[in-house]
Amino acid sequence: MNNENIESFYKLWLATINIPNAQKIYLKNKFKSEKNIYNFYKRFKNDSFNYKFTDKILSAKDEDVYNLMDYINNNSISFFTYDDMDYIKDFEHLKEPPYILFYKGDLNKLSRRRRISIVGSRKPTAYGAQITKLIAIELAKNDIALVSGGAYGVDTIVHNCAISYNSPTCAVLGCGIDVVYPKVNQKLYESILENGVIISEFLPGTPPYAYNFPRRNRIISALGDSLIVTEATEKSGSLITVGYSLELGRDIIAVPGNPLSQNSKGCNQLIKDGAKILPEIDDLYELLKIKKVAKNSNKYTGEKAILLSMIGKTPIHINELAQKCNIDINTIYGLLFELQLEKVVISLNGNYFARIS
């Protein structure tokens, strides 16, 4: 192995050991390098060092590490560890910083621009879906990198809007970097990788266990300069993300909703507790302290903006558009005709449509 592969071996060896992140970082700081940790434990027996995790460390198998190295090399998976140059500094402020993060895509897309995290219900109402689209579109048009969780509902809407406007997006997974969850998001994952990045702190192959997602949420919190919650119930997992964001001193922005709707109770309570309120879409710029610089001279709002957020460079059928946008199909035909005249959308055979630019 060359020097780079040798260093990767020791880092992945520590990553595979089932001990808390804090203990891995403690060992790294104590021994100065993963190689030193490895050599220390290979030389001594269980009773030679009074450390409660010794048994777990000694049980780590080199063969498993070599297999993991081969797997990530063959599947275009990259990683960085605590105190690497690529380690995102925002993670250091977490109470439990991740020791390792696996990723696919272009990590530089996150470091070069402002990042905003957007979370919400996995089963949004029509109102929740629409307001999420409008917020995501407005930010994507202004080259803001959008961070979310790659799951159903609000997460999927956020990523799709960023992709449609060729703006970077980051999906933080609650499973291995090579596991698509939900499976219907396979195409979405592929699209994210064209202009963004997918991140996970879990070893490749890790299933989407329920207890992974609260841990995943702290990564979403750390990546965003601010957190926007578009729709959430009183017991929504989004509120866990809010808790982490508050610990980091992030601004929380909540969208007010119908007081009679269960899906709005979480956001309404956040506002009562002091979160910033988003009464209108244009208030985003003042709340986030960003300058509005549209990507093109055409300004789309309302149903046209929602429709356009669903149309990318990959052709999409009009029936799928109607299902995703929750807009009457006759209205969609009219909007598509206008977008074709404006040379934004092209009509293809079989009622398929795609973005021109």
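The values are calculated or read from the model by the stated rules, or taken from the named source; none is laboratory data. Source: prediction; values computed, not measured. Reconstructed Cβ throughout: ideal geometry from the backbone, glycine too, with neighbour counts over all protein chains shown.
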Practice prompt. Please go through region 57-83 and pick out each residue that is in contact (Cβ under 8 Å) with a residue 12 or more places away in the chain and in a helix (DSSP H, G or I).
Written response: Ile57, Leu58, Asp62, Asp64, Val65, Tyr66, Leu68, Met69, Tyr71, Ile72
Worksheet item: Just checking, which of Met69, Met85 is more than 30 Å from Lys304 (Cβ to Cβ) and either surrounded by 13 or more Cβ atoms within 10 Å (Cβ to Cβ) or assigned by TED's automatic domain parsing to the domain that holds Gln262 (or both)?
Response: Met69
Worksheet item: For the subset of region 18-56 comprising residues that are assigned to a helix (DSSP H, G or I) and of a type in the set (Val, Ile, Thr), which member is modelled with the lowest pLDDT?
Response: Thr54
Response to the item:
When region 141-182 is checked residue by residue, the ones that are closer than 20 Å to Leu321 by Cα, not hydroxyl-bearing (Ser, Thr, Tyr) and not in a loop (DSSP other than H, G, I, E, B) are Val154, Asp155, Ile157, Val158, His159, Asn160, Cys161, Ala162, Ile163
Worksheet item: Pro98 versus (1) on the phi > 0 side of the Ramachandran plot; (2) in contact (Cβ under 8 Å) with a residue 40 or more places away in the chain: which is the lone unmet condition?
Response: (1)
Worksheet item: For Ile116, are the conditions met, namely being assigned to a helix (DSSP H, G or I), touching a residue at least 40 places away in the same chain (Cβ under 8 Å), farther than 28 Å from Tyr41 by Cα and under 18 Å from the mean Cα position of the chain (by Cα)?
Response: no
Discussion item. When you check Leu173 against the structure, is it crowded, with 20+ Cβ neighbours inside 10 Å, of a type in the set (A, V, I, L, M) and touching a Cys at 6+ places or on another chain (Cβ under 9 Å), yes or no?
Written reply: no
Worksheet entry | Within region 250-332, helices (runs of 4 or more DSSP H) holding 1 or more residues that are among the small types (Gly, Ala, Ser), farther than 26 Å from Leu348 by Cβ and in contact (Cβ under 8 Å) with a residue 12 or more places away in the chain | 265-272
Practice prompt. State yes or no: is Ile116 in contact with an Asp or Glu (Cβ under 8 Å, 6 or more places away or on another chain), within 30 Å of Ser261 (Cα to Cα) and at pLDDT 95 or above?
Written response: yes
